[in-house]
Each structure stands twice: as structure tokens, then as C-alpha cells.
1. Return the ratio Rg/(2.2 N^0.38 Å) for the range 362-480, where Rg is computed over Cα atoms only.
2. Working from the pairwise distances between different alpha carbons, so that the mean of 1/r is found and then inverted, what is the range 176-324's Kirkwood radius in Å?
3. Counting helices only, and only those DSSP H runs with n ≥ 4, report the 222 nm mean residue ellipticity of the chain as the sum of -39,500 (n - 2.57) divided by its residues, in deg cm²/dmol to the nearest 500.
4. What do you get for Rg/Rh of the chain when both radii come from the Cα atoms and Rh is the Kirkwood radius?
5. Quick one: angle between helix 320-330 and the longest Cα principal axis of the chain, in degrees between 0 and 90, rounded to 10, please.
6. If you count, for each residue, the other Cβ atoms within 10 Å and average over each peptide, how do 25-32, 428-435, 158-165 line up from highest to lowest?
7. Please rank 469, 155, fewest neighbouring Cβ atoms within 10 Å first, as an exposure proxy.
8. So what is the relative contact order for the range 2-350, in percent, with contacts set as C-alpha pairs under 8 Å and at least six apart?
């Protein structure tokens, strides 16, 4: 009887941390889903989202593929949005991203990484959903939520390949790596490093699976077709990012695990404390090497980005699944995993996320268009305040500038002007027609001389993080409408 009681007590002691972990992950998932739904409001589209709306709304496939070729981004997300039947409202354009974000942890649960315990797999899936920067991705009509989903699949496929290298698993990994690159070209970097790790770890067995590379033939064909256009965007005077400072490099490096450097430092302390906990089961070899390949890729990219214009933080999304897999494994036991998951939940700030989305929405054309609709303009000139914009296609930019006017049922003749040192004066000089309007996007540290507009214009300005948007139309147009 006493022995039976001891067994039951020991089993309960082992069971309690697991039950606590399961309860925390379930409650946390419900909370995060509610926050994501709450954030999926009708915020105005920001500038990059307008490209998604315009490209997805092309009247035919020939026009669609031409716009995709003219753009600097990979084609898969645009293709998904062109096939999306949900419509062109802001909510409809953003809903696929929410679906992709919700599907990511489900994929991590459904497709097992060899050698991971059930608790570790659940924790990894939860961290993919709790990752605070992902809140913004799920409310963004851009490719990054899809990129996270495909990259999670690539991470699983690579861990399975390292565990048991064969042609079938190599083809699965190549296919998912290709889909990731077809979603965002920067995903080629982690794929390359993973390939080097694979060859270094398995050598002859890896060489025998080289025929799996044939699945990448369609991607290679598109890449060769798109390359001449991409080389234009690669010019130094066109790049829209700068070499990373030490502080920016730290922010970029820690962004793959959480929202801030401070978050990452406390996470490191929690993981260090987890070393004192007994490990319930060692993670599989493939999973460990997959996390290390991700860390090596991150170190490489950040080092290069400190030397030359190369990287924006959001380009590191393909590394998030392997980074969070490493965090889940380092937590070791259900108690440590519960502590880590709780810290990720604490980092979620719904109000701050909403404020970030509102601020981002001010950098775009929808908000100023709503203001200018009262003036009923028949023409628009606008500037992105970015010297490299001169390489953008005039036909595309006419669609971008006029998109929200057309959606409101009041089409205008829109034209982008690549302004220089005097953007306000240049836009006024370029204004045409009886009912002109202008929109200027600019950096706050490079403000335009608004005196160049003259007294006849009525304007409104919206500011964001380091940027501003100015919308103007002649005063008489507003007066005619009683505004």
C-alpha cells in the first residue's frame, strides 16, 4: 500500500508541471487569438499594402504577371492574393495573413520533428503563435505571415532530413525552401546555410540526394526571368535601407526571438535558469542542428548588414521558426517551458500593437485620399520622398496613386513625381487640371519647405515614426464642397 502511494505521489509530481504547461498554452492561445482578431480592424492600408491591393486587382493574368515582374518582391504571395476570393476591402486583404499565422502552429503540431517530446513540440507551436512581432504580421496585407508559415514547414523538413537523409525527405526540404524563396527572396540565405550544414553533416549520403534539387527548376526559371528587374533595385542609390549600427544589429538579432533587446536578455536569464532543471528527454540530432543552422545564418546576415546596406528586420522572418525551436528545446522540461511561454505572453501588449498599426497606417495613401475626397479632385501628383522611386514603373505608380480614389468611385488621373531638393515646390509645379491635388510622403528629418505651396492650398499632415504624409488641394475646392 505504501509503495503504491509513493508511485502515485511520484506520478502526480511529474504530471503537475505538464498539466500546468498544457493549461497555460491553451489559455494563452485563446488570449492571443482574441488579440489578433481585435487588431484586425479597418485601419487604413499603409503604403506597401497598397502594392498588394493593386497587383492582386489586375484585370487579367498578363497584366498580373507584368506587375509582379516589375515589383522587387517574389511572386508567391501575390499569386495567393490574386486567387483569394475575399474581395478588396482592407479586412479582406488582411484576412489571409491571419489565416497563415494561425496555420503556422498547427503545422508545427501536425508534422512532427523527430526527437522532440510532446511538451517541446507544443511549446514550439505556442511560441510561434505567441511571438509578439507576429501580431503585426497577422494584420498586414504583405508576404511575411505566409513566409513564416512556409519557413516553419522548411524548418521541420530540414530537421527530418538531417535525422534520416533520403531522396524523399530531401525533395520535401527543397520544395519548401523553394516556396520560401518564392515568397521572399531573402529566404535563399537560410536555405543556402542549411544546404551547407546538410552536406557537411552527411557528405556522401547528401550527395546521393542531389537529384532533389530538380524540384527547384520552376523557381530557377522565374528567377532568371526576374533577375534583370531585380538588378535595377540592387543599385546602391536605390536601396532603402542603411548599414546597421551596433544597436540596430542587436535589435535585428534579437527580433527573431522577441520584440526587444530587453525581452531577449530576460529570456536568456530564464533559459539559463532552466539549465538547473532535469532534462526529460534529449532533443533529436536533426532538431539541434536545425536550430544551430538558423543561429549561424543570423550571425552571418547581421555581420554582412553591419558592413553594407543589406537588411531590414522583417527580412529575418525565415529564421524565426528555427530560433523559437531552439528556445523551446533550451527550456528543457515542462516547468521551464511554462516559464518561457509565460514570458512570451507577458510581452504581448495589445494597446502598443494597436498603436503601432495606427502609426504605420499614417504612412500611406489611403488616409490622405480620404481627406482629399472632399475636394473632389480630378488629378493627383504625389511623391514618395525617396530618390530611388525614379526606377518604379510610371504605369504602376499611376495605379498606386489612384487606387483609393477609384475604390471610392471617384477616379483621378494620378502621377508620381520623383522629387528632389524642393519636393513641395516641384509637386505644385507638376500639378495639372482644373481640380488638382497633391500628396507628399517625407522623412521628418528632411521636412519640405511648405512656403513653396503658397496661400492658395489647404493641407493636412499625419506623422508616424520618423515619417510624415502631407495632403493638399486648392482651398476653393474644399469651399465648394462646404468643408
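Values in this text are rule-based calculations from the coordinates and carry no lab data. Note that this is a predicted model, so its numbers are computed, not measured. For neighbour counting, all protein chains shown are included, and Cβ atoms are generated from backbone atoms with ideal geometry for every residue, glycine included.
1. Values: Rg = 13.0 Å, N = 119, 2.2 N^0.38 = 13.5 Å.
Computed over Cα atoms of the range 362-480, the ratio equals 0.96.
2. Numbers: mean 1/r = 0.0568 Å⁻¹.
Every distinct Cα pair counted, the radius reaches 17.6 Å.
3. Calculated at 222 nm, the ellipticity per residue is -19500 deg cm²/dmol.
4. Working: Rg = 25.2 Å, Rh = 24.5 Å.
My calculation of the ratio gives 1.03.
5. Once rounded, the angle reads 30 degrees.
6. Details: 25-32: 16.5, 428-435: 14.6, 158-165: 22.8.
Per-residue mean Cβ counts within 10 Å order the peptides as 158-165, 25-32, 428-435.
7. Details: 469 23, 155 33.
Listed from fewest to most nearby Cβ atoms, that is 469, 155.
8. Dividing the mean separation by the residue count of the range 2-350 yields 24 percent.
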